[in-house]
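Input: a single structure, listed below in structure tokens.
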Amino acid sequence: MNGIAFLRRWFWVWLFGLPLLALAVWGIVDNERLFFATTLNGLTLAALYFLVASGFTLVFGLLRNVNLAHGSLYLLGAYVGWVVGEWSDSWLLAVAAGFLFAALMGLLLQIGVFRYMHGEDLRQTMATIALSIIAADVALWIWGGQIYQFDPPRWIIGSTALPIVGKFATYRLVLLAMAIVIGLALWWFLARTRVGMMIRAGVDDRAMLSASGVNVQMVFAITFAIGAGLAGFAGVVGGTALSIAPGEDTRYLLASLVVVIVGGMGSVSGAALGAVLVGLAEQFGLAYAPTYGVVFTFVIMALVLAFRPHGILGRRT
Amino acid sequence: MTERTRMLIGLLAGAAVATVLSAAAQAQETVKIGLLATLEGPFAAGGQDGMRGAELAVKERNGMAGGKKIEIIKASSDAKPDVAVNATRKLVEQDKVQIMVGPLSGSEGIAVKDYSKSQPGITFINGSSGAQATTLVNPSPNFFRFNTEGAQWMVGLGDYALNDKKYKKMALIAEDYAFPYSQVQGFMAGYCKLGGKVTHKAWVPLGGKDYSSVIAKLPTDVDALLVVLGGSDAVNFLSQYEQAGGDKPMVGGSITVDQTVLNFKGKRRDSLLGTPAAGPMADSIDTPEWKKFVADYKANFKDGFPSPSLFAYVYYINMKAALDGLDAVKGDLSGNQEKYREALKNLKLKTPTGEVTLDENRQAIGPTFITEVAKGADGVFYNKVVKTLPKVDQRLNLPKEEFEKMGLGSRDVPNCP
């Protein structure tokens, strides 16, 4: 009996793990350097996706608000960060400005708009779509259709020699480190601080939290500001790795939606897992099957939706 | 209405009919030209500039051609073929235009060419669409294209890379759709024939952004890379390649190192210096005609780009061809525009970059410019002309049999690993 239960429990792992393991072994034997470089690329892309999606999932978990303007916060944070970076000649100031501006925008949105439509999913969705369209047009009006790139400190943008992989972009390693630090900080904030405790309590039962004398609106506003700030932060950090141009808003909105659907709505660890899966799928697709690689991400999403509609680490609500 | 009855009615009805007749005569004095470009979607900025180019051609002759007043009726699409055909239909069937100029992008061009077959009484002239198939596969007798297309734009660059730059072995990275296929064919047809080798081809999705794994896969035993990417794809690839420690020189496509890429907002662009590329125009053509065109563009459009874009230039020459044709027949569009089309076919079009003539499929034979990225005294990057090919035809200057044996460009055609 125990054996069968064991098999059942690990069924999904066997079903997907073994073929993937076989492919990985083939990949390593075939071209070791390419395999590990692609893995590292996937992980670093995942780091970027995690930064964007963690804010998105945090807001959804607590506020039940699918913020479809999340991508606009990413783009606006990046543009404002670029302006500050150009003016001050400091990349770190640009990162800080991206975070602060998006956080402020998030705060204003929560206090000025979403507070008045609490619990009305459809109205919130329509309002966020409208806001994202307005934001995209305003950005196009101010910054035009040109391509923007940041100017980080010299030591970050070179390449570093790694064992097996060889030369690898230093900045992508920095990106990975940043995502890990932020992930740990988020975990610490949610698990160990008083505000984090309130947020977790709010995720589980909003009414009860409010009844026990906590200022729920305040908790909501803080959460929204942090979530939005993370998007703006990711805007500058991601714009440095890639570039900033009109259309990036919907691109990252879509990426974070996929990540969050795969990982589980409202779960920060789910966002991390989803980001790793999507990032690896994209990079392995590009390296090993460039023509069909784009499909991989959506195959993962379809499988998750079919067998675990609440996401891999999601909970039924 | 015959001349006889018209005279009879004129005699009988007097003044009232005279007014009607003069109105009819006035209608004869104007020629309606439909102008279609994308003012929505991904190429909106290019479409707007295309309109500027076409308007410039009309303005140059004070809105008159062949002794008639030119009336322009504009319509917009969003780079989708069905939208382009609907907009063209509206112009032809509702607004009753006699000549059409447009559309902007490749697949739109094929759709409008197919529609033109159902309107034999109207003459269609291309806007800036550059698909090879438009005039090579089932050409339409009343569709004319006075601009060269994607494959023609790259002819001569293969020779330049191999013999001037000494790149014997190259790897290719390009977006996975029709326009880059044509561009790569234009390059490789010459490059392979002269003995060059392209050992690795990476076709990446349009708008892919993160190229790090594609870069990891590039072979290290090549002399240079052929990069046929456009807009932000190009900027992303170039900076990621540099960040990943890549150090191979590059050869670009017609839109890889154009004004939009050279002028991106950021500082890291010195690695682009000296990159060869090719196209139907260049920022610094040293002829009085080109300088006059640029000066006219700047004087007329204060809201335009610092220098006319490829779209402005190509729309300009197609509209100019339409008007030159009208001049040649003195505005005579009678007999299903037979004379007009004959005139267009035989036109020796004077463009700002040189003379353009048409082949038997009504496709342009025109100049191609080989360029290199250079830095001006003011620190601004631009494309310097290093070589000019005055006449390139749609078969890439190859004998007919040889081109037909090769076929149209695709992922695997041509091939020389």
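Read-outs throughout are calculated quantities, based only on the coordinates presented, and are distinct from any laboratory measurement. In this text the structure is predicted, and so the values were computed from the model without any measurement. Quick reminder, even Gly has a Cβ in these numbers, built from the backbone with ideal geometry, and neighbours come from all protein chains shown.
Overall dimensions of the protein assembly as shown, expressed as equivalent-ellipsoid semi-axes from the Cα gyration tensor (√(5λ), whole Å, largest first), are 53, 33, 24. Computed from Cα atoms, the angle from the helix B:178-193 axis to the main principal axis of chain B rounds to 60 degrees. With the charge dipole of the protein assembly as shown set up from +1 on Lys and Arg Cβ and -1 on Asp and Glu Cβ about the Cα centre, the Cα lying farthest toward the positive end among the listed residues B:226, B:336, B:352 is that of B:226. Extending 7 Å from Cα along the Cβ direction at residue A:180 and again at residue B:338 yields two label points whose distance is 8.1 nm.
Normalised by 2.2 N^0.38 Å, where N counts its residues, the alpha-carbon radius of gyration of chain A equals 1.04.
Computed over Cα pairs, the Kirkwood radius of segment B:159-248 leads via Stokes-Einstein (0.692 mPa s, 37 °C) to a diffusion coefficient of 245 µm² per second.
Treating only the Cα positions of segment B:41-187 as identical point scatterers, give the base-10 log of I(q)/I(0) from the Debye formula at each q in 0.09, 0.14, 0.17, 0.22 Å⁻¹. Once normalised to I(0) and log-transformed, intensities are -0.35, -0.75, -1.00, -1.42. When each of A:72, B:76, A:269 is scored by the number of other beta-carbon atoms lying within 10 Å, the sequence from fewest to most is A:269, B:76, A:72.
One compactness figure for segment A:171-250 is 1.38, namely its Cα radius of gyration divided by 2.2 N^0.38 Å. Let me know the shape class of segment A:121-165, please: from the alpha-carbon gyration tensor, a ≥ b ≥ c as square roots of the eigenvalues, rounded when a/c is under 1.5, otherwise prolate if a/b is greater than b/c, or oblate. In terms of gyration-tensor shape, oblate. Here's the list of lysines a cross-link from residue B:165 could span, going by alpha-carbon distance under 18 Å and ignoring same-chain residues fewer than 8 apart: B:193, B:197, B:248, B:384, B:387.
Using only side-chain charges placed at the Cβ, +1 for Lys and Arg and -1 for Asp and Glu, the dipole size of the protein assembly as shown relative to its Cα centre rounds to 660 debye. Ranked by how many other Cβ atoms sit within 10 Å of their own Cβ, fewest first, the residues B:72, A:134, B:110 fall in the order A:134, B:72, B:110. Of interest is the spacing of the C-alpha centroids, which for segment B:177-247 and segment A:159-202 amounts to 33 Å. Computed from backbone phi, the HN-Hα couplings of segment B:365-378 come to 10, x, x, 10, 10, 8, 10, 9, 6, 10, 10, x, 4, 8 Hz, rounded to whole numbers (Karplus: 6.51 cos²θ - 1.76 cosθ + 1.60, θ = phi - 60°; Gly and Pro given as x). Using only side-chain charges placed at the Cβ, +1 for Lys and Arg and -1 for Asp and Glu, the dipole size of segment B:367-416 relative to its Cα centre rounds to 100 debye. Using a Gaussian network model of chain A with C-alpha springs under 10 Å, which one of A:184, A:280, A:43 is most mobile by mean-square fluctuation? Per the Cα network of chain A with a 10 Å cutoff, A:184 tops the list.
Looking only at GluC sites (Glu not before Pro) in DSSP loops with at most 13 other Cβ atoms within 10 Å, what is the longest site-free stretch of chain B? Counting only loop sites that pass the neighbour cut-off, the longest clear stretch is B:41-359. Going by the alpha-carbon gyration tensor, a ≥ b ≥ c the square roots of its eigenvalues, is segment B:174-323 rounded (a/c under 1.5) or, if a/c is not under 1.5, prolate (a/b greater than b/c) versus oblate? Cα axes put segment B:174-323 in the prolate bin.
Backbone amide hydrogens, once placed in the peptide plane, bring residue B:284 within less than 5 Å of B:383, B:385, excluding anything fewer than 5 places away on its chain. Over all distinct Cα-Cα pairs of segment A:1-77, the Kirkwood formula returns a hydrodynamic radius of 16.2 Å.
Note on chain A: with charges restricted to the Cβ of Lys and Arg (+1) and Asp and Glu (-1), its dipole about the Cα centre is near 900 debye.
Taking a ≥ b ≥ c as the square roots of the eigenvalues of the Cα gyration tensor, an a/c ratio of 1.5 or more together with a/b larger than b/c marks segment B:369-417 as prolate. By the rule of a C-alpha distance below 24 Å, with chain neighbours fewer than 8 residues away ignored, the lysines paired with residue B:302 are B:59, B:74, B:265, B:291, B:292, B:320. Label positions at residue A:126 and residue B:168, each projected 7 Å from the Cα along the C-beta direction, are separated by 6.9 nm. So which aspartates and glutamates can residue B:400 reach, going by Cα to Cα under 13 Å and dropping same-chain residues fewer than 8 places off? Cross-link targets: B:359, B:360.
Using only Cα atoms, locate the centre of segment B:363-417 and the centre of segment B:308-341, then give the distance between them in Å, rounded to an integer. Measuring centre to centre over Cα atoms gives 26 Å. Dividing the summed helix terms, -39500 (n - 2.57) for each DSSP H run of n ≥ 4, by the number of residues in chain B produces a 222 nm estimate of -11500 deg cm²/dmol to the nearest 500. Within the listed set B:109, B:266, B:50, the residue fluctuating most in the Gaussian network model of chain B (springs between alpha-carbon atoms under 10 angstrom) is B:266. Over the C-alpha atoms of segment A:151-296, the Rg to Rh ratio, Rh being the Kirkwood estimate, stands at 1.04. All Cα-Cα distances of segment A:85-161, cut into 5 Å bins from zero to the largest, leave 3, 12, 13, 18, 17, 12, 10, 8, 5, 2, 0 percent in each bin in turn.
Among A:28, A:111, A:244, the largest mean-square fluctuation in a Gaussian network model of chain A, built with springs joining Cα atoms closer than 10 Å, belongs to A:28.
Dipole of the protein assembly as shown computed with +1 at Lys/Arg Cβ and -1 at Asp/Glu Cβ about the Cα centre; of B:182, B:309, A:264, farthest Cα towards the positive end is A:264. Placing R0 at 30 angstrom, the Cβ-Cβ distance between residue A:133 and residue A:298 gives a FRET efficiency of 0.75 after rounding to 0.05.
Which is the longest stretch in chain A that no exposed loop site breaks, taking sites as chymotrypsin sites (Phe, Trp or Tyr not before Pro) with a DSSP loop state and at most 13 other Cβ atoms within 10 Å? Longest stretch, sites excluded: A:11-291.
Relative to the 2.2 N^0.38 Å rule of thumb, chain B has a C-alpha radius of gyration ratio of 1.07. Candidate membrane-span-like segments in chain A, meaning DSSP H helices with Cα atoms spread over at least 24 Å of their own axis and a Kyte-Doolittle mean of 1.6 or above, are A:11-30, A:91-112, A:170-192, A:216-241, with no membrane implied.
Add +1 for every Lys or Arg and -1 for every Asp or Glu among the other residues with Cβ under 13 Å from the Cβ of residue B:136, and state the total. Around residue B:136, the charge tally is 0. Distances between placed amide hydrogens fall under 5 Å for residue B:226 paired with B:171, B:172, B:173, B:251, all partners being 5 or more residues away or on another chain. Fully extending the segment from residue B:40 to residue B:176 would add 46.7 nm, taking 0.36 nm per residue of separation and subtracting the current Cα-Cα distance.
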